[in-house]
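> The structure's right below; bear with me while I get my questions together.
Readers should treat all values here as calculations from the given coordinates under stated rules, not as data from a laboratory. Just so it is clear, the model here is predicted, and its values are computed rather than measured. Ideal geometry is used to build each Cβ from the backbone, glycine not excepted, and the neighbour counts take in all protein chains shown.
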Amino acid sequence: MITGAIADSGKGVAANSAGKPTKNGEYVKLVLKKGTVLIDRTQLGAANAAAESPDFNDVNCSGSAVASAPVPIVSGTKSYAGITGSVAMTLTYAFILPLTSSGKCDESNVDPPVAFWGSLAGSGTVSFG
């Protein structure tokens, strides 16, 4: 859901810089009811990769992290044609990892977390060409 200058809802799809869907794209194509918006999440991805879980508890395998970075708006279609700007985004999440057969925290990223919660919020300035 997006509010403010854009009041719309839809889904995000990983994409390349041209907006073509790809499994691990550094861009996100927001497919909204009134059109699409392509954003560049490269800096947020780098901030997330660098974020550590300072409160990771290796007794119960839980932790959380926060990452913040600017997310430039690259382009748009339909109602969002000519859109430009940037949003300062903050990604916050918490998780509980599964246990290995030996009872230790499974940090391999092979198995999904037992539980996961995430929030992505931000504000910025946009303009329409």
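> Net charge around S79, counting only other residues with Cβ within less than 14 Å of its Cβ (Lys, Arg = +1; Asp, Glu = -1)?
Value of the local net charge: +2.
> Pairs of alpha-carbon atoms within less than 8 angstrom and 6+ residues apart define the contacts here; what relative contact order does segment 10-123 have, in percent?
Relative contact order, segment 10-123: 19 percent.
> For a Förster distance of 22 Å, can you work out the FRET efficiency between the beta-carbons of A88 and D58, rounded to the nearest 0.05?
It comes to 0.10.
> Counting only other residues whose beta carbon sits under 12 Å from that of N48, what net charge do I get with K and R as +1, D and E as -1?
-1
> Please give, to one decimal in nm, the separation of the simple spin-label points placed at V66 and I96, each 7 Å out from Cα toward the Cβ.
Label-label distance for V66 and I96, simple model: 2.3 nm.
> Right, next: Within straight cross-link reach of K34, meaning Cα distance under 13 Å, which aspartates and glutamates are found once same-chain residues fewer than 8 apart are removed?
D8
> Treating each Cα of the chain as an identical point scatterer and ignoring solvent, apply the Debye formula and state log10 I(q)/I(0) at q = 0.16, 0.19 Å⁻¹.
So the normalised log intensities are -0.85, -1.06.
> For the pair N24/A51, report the inter-label distance in nm, with labels modelled 7 Å from Cα in the Cβ direction.
About 1.9 nm, to one decimal.
> Counting other Cβ atoms within 10 Å of each Cβ, which trypsin sites (Lys or Arg not before Pro) in segment 1-98 have at most 10 and sit in a DSSP loop?
Values: sites: K11, K23, K29, K33, K34, R41, K78; in loops: K23, K33, K34, R41.
Those satisfying the criteria are K23, K33.
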